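Reading through the C-alpha cells given below for one structure.
Values quoted throughout were computed directly from the atomic coordinates according to the rules given, and no laboratory measurement underlies them. This one's a predicted model, so the numbers in the text were calculated from it and none came from an experiment. Glycine also receives a Cβ, built like all others from the backbone with ideal geometry; neighbour counts cover every protein chain displayed.
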Amino acid sequence: MSASISEALYELCGFARAVCEADLVIALEVDAGFQANSVAVSPVMPLPPFNLRHSRLFDRAWSPVPAAASCFRLPTALIHALPELPAHILFVPARLDHAPNSGLLLLWTSAVSPPSLVRHVPLLAGSVASALTQRRQAARQTLIRDQFNDLLESVPAGIVVFDGDGHGAMVNERAAQLLGIRAGSHQASSLVFPMRKLRERCSNRDALAEMYSTRMRDVDYALTTHWVLGDRTYEVDTHPVRGDGEQGRIWLFTDVTAELRMAEKLRRLADTDPLTSVPNRRHLENEVHRILEAPGSRDRLFSALMIDVDHFKAINDTYGHSVGDEVLRQVAVRCRNALRDRDLFARFGGEEFVAILATPRSDELAAIAERMRESIASARFASGGLSIPVTVSVGIASGKRGEAPPKRFLAELVAQADEALYSAKRSGRNCVVVYGAPE
C-alpha cells in the first residue's frame with residue numbers, strides 16, 4: 001500500500017476527531033460478511049479485525065446525529081480501545097464495490113452536541129470512500145508487483161523487461177548478476193551500457209553485433225541467439241510484449257551450457273565408433289558429402305584407402321574377442337597417426353577402416369599408405385602380456401567427382417578401393433594395391 005494513501009487516511013481520521021471532538025475515530029473496511037478491518041485509527045493504536053454482523057450499526061437509517069451506544073452491540077475490541085465505555089456512536093457509510101459496508105466510525109465517551117456535527121459529517125463519506133478505494137487499488141498493484149517479482153525470480157533465466165513507454169525497466173536477480181547491477185526497477189536508459197558491455201564480453205560479439213544491427217530499427221523484431229561468455233553459453237531471446245513493441249520488450253537470458261554440452265556429447269556418440277573411439281561410417285559419409293558439395297570440389301582429386309586387418313578371425317579364435325577388440329583399437333590409433341591432420345578416417349565396419357584424402361599427390365598417397373601398413377606390420381601388438389603379430393592390407397582408389405552426385409561418387413570411389421583391397425588379399429596380404437593396377 002502507498003504510504004501517501006495511508007497518511008491521507010490517518011489525517012482524515014484525525015481531522016474528523018478534532019472537528020467532531022470524538023474520542024476515537026476509525027476508518028473501517030467492512031466486506032459483505034461484515035468482517036471489519038481498521039485501516040486507520042485516531043488516536044493511533046493497534047486494533048485487531050472484528051465482526052460487525054450483530055452490531056446493529058447497519059440496521060438503522062443513516063443520520064448525521066450520533067446515537068446512544070446502548071442501542072448497539074459493539075465488539076469487545078472497540079470497547080477496550082476507549083478508556084471508558086462509549087456513550088455515543090456515529091457511523092458514516094462509505095460504500096465500496098469490494099467492501100459495501102465500509103465507513104468511518106466515531107465514538108464518544110461523553111454526551112455530544114449534535115448541531116456541531118451536522119455541518120461537517122456528510123462531507124466525510126466521499127473522502128473516506130475515495131481514500132479506501134485508492135488504498136485497495138494500491139494494495140492490488142503491490143500484490144501484482146510482488147507476484148510479478150516472484151514470477152521473475154522463479155523462472156530459471158535472467159529477465160529484463162522494458163516498459164512500453166521506454167522509460168522504466170525491471171531486472172530479476174539472475175539478469176542483475178549477469179549485468180553487474182542491482183535487481184529491481186531501473187530507468188531504461190541506465191541499462192543500455194551494461195547490456196552493451198555484456199555483449200561485448202562475448203567471444204562471438206562481432207557476429208552478435210551484426211545480427212542485432214540489422215534488426216534494431218524494427219520495433220517489433222524478435223531474435224534468439226547464443227551469447228558465449230567464457231565457458232558458459234546463454235540462449236538470449238528477445239521479443240516484443242504480446243508481439244507489439246509499443247507495449248514493451250522482454251530479454252530472456254537462459255544458461256544452456258549443460259544442454260549444449262549434452263547435445264555435443266550425444267552428437268559425438270552418434271558419430272563415434274564406441275569400440276575404437278574413431279569416427280564411424282555415418283560421420284565420415286556426412287563429412288565427405290559436405291566437402292564434395294563445396295565450390296570447386298568437382299575438379300579436385302579424392303582418394304579412398306580401404307584398410308582391412310589380415311586374418312582377424314584367426315586372432316579372435318586364438319586369443320578371444322577381448323584381445324581382438326584391443327587389436328582393433330591399436331590398429332585405429334596407428335592408422336590415424338599415419339594420416340595427415342586434414343584426412344578423414346573412420347571405422348567402416350568389422351575389421352575394416354577407411355580413409356578419404358583430398359588432392360594427394362601420387363607419391364604422397366603411396367607414402368601414406370605404405371607408412372600406415374609398415375607402422376602396423378613392424379611392431380607386434382601387446383595385450384595382457386601377449387605379443388601378437390598383426391598386418392593389414394590396403395586398397396586405394398582415386399578420382400574426380402565431375403558431374404556425378406556426391407553420394408554416387410563416394411559410393412563408386414569406396415567400391416573401387418574395396419576391389420583393390422581384395423586384390424591385395426589375393427596377392428598375399430600385408431601389402432598396398434592401387435585400383436586398376438595389374439595384379
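Please sort 38-47, 356-365 by packing, taking for each peptide the average over its residues of neighbouring beta carbons within 10 angstrom, highest first. Before the final figure, lay out each step's value.
Working: 38-47: 16.8, 356-365: 15.2.
Going by the mean number of other Cβ atoms within 10 Å, highest first, we get 38-47, 356-365.
Pull up the DSSP beta bridges for the chain and report the antiparallel fraction as a percent, rounded to 5.
Details: 73 of 77 bridges.
Around 95 percent of the beta bridges assigned by DSSP in the chain are antiparallel ones.
Just want to confirm a number: the relative contact order over the chain, from Cα pairs under 8 angstrom separated by 6+ residues, in percent.
Working: 735 pairs, mean separation 40.5, N = 439.
Relative contact order, the chain: 9 percent.
Cα to Cα, under 19 Å, and not fewer than 8 places away if on the same chain: which lysines meet these conditions relative to K313?
K313 reaches K425.
Using +1 on the beta carbon of Lys and Arg, -1 on that of Asp and Glu, and nothing else charged, what's the dipole of the chain about the Cα centre, debye to 20?
On the way: 50 positive and 52 negative charges, 13 e Å.
So the dipole magnitude of the chain works out to roughly 60 debye.
Compute the length gained on full extension between A258 and V65: take 0.36 nm times their separation in residues and subtract their Cα-Cα distance, giving the result in nm to one decimal. Walk me through the intermediate numbers first.
Values: separation 193, 0.36 × 193 = 69.48 nm, distance 7.42 nm.
Difference between extended and current length: 62.1 nm.
Tell me the trypsin sites (Lys or Arg not before Pro) within the range 303-345 that lie in a loop according to DSSP and have at most 12 other beta-carbon atoms within 10 Å.
Working: sites: K313, R329, R334, R336, R340, R342; in loops: R340, R342.
Hits after loop and neighbour filter: R340, R342.
For a protection proxy built on the mean count of beta-carbon atoms within 10 angstrom, sort 184-192, 283-291 highest first, please. If you can, show how the numbers build up before the last one.
On the way: 184-192: 13.1, 283-291: 17.1.
For the peptides 184-192, 283-291, the packing ranking is 283-291, 184-192.
How do the peptides 390-400, 77-87, 58-68, 5-15 rank, highest first, by the average count of neighbouring beta carbon atoms within 10 Å per residue?
Numbers: 390-400: 21.5, 77-87: 14.7, 58-68: 12.5, 5-15: 18.1.
Highest to lowest by the protection proxy: 390-400, 5-15, 77-87, 58-68.
For L24, what residues show an amide H to amide H distance below 5 Å, using hydrogens built from the backbone and excluding near sequence neighbours?
L107
Which residues does a label at L275 reach in the range 331-346, if reach means a backbone N under 17 Å from a point 7 Å past the Cα toward the Cβ?
331-336, 346
Only one of the values [x] 63; [y] 33; [z] 39 was calculated from this structure for percent of Cα pairs over 35 Å apart; name its label.
[x]
Where in the range 22-65 does the amide nitrogen come within less than 13 Å of the point 7 Å from the Cα of R73, taken along Cα to Cβ?
51-59
Given the options A404, A258, A207, which has the most mean-square fluctuation in a GNM of the chain, springs set between C-alpha atoms less than 10 angstrom apart?
Highest fluctuation among the options: A404.
What is the fewest-to-most order of S277, S303 by other Cβ atoms lying within 10 Å of their Cβ? Show your work: numbers first, answer last.
Details: S277 13, S303 24.
Listing S277, S303 from fewest to most nearby Cβ atoms yields S277, S303.
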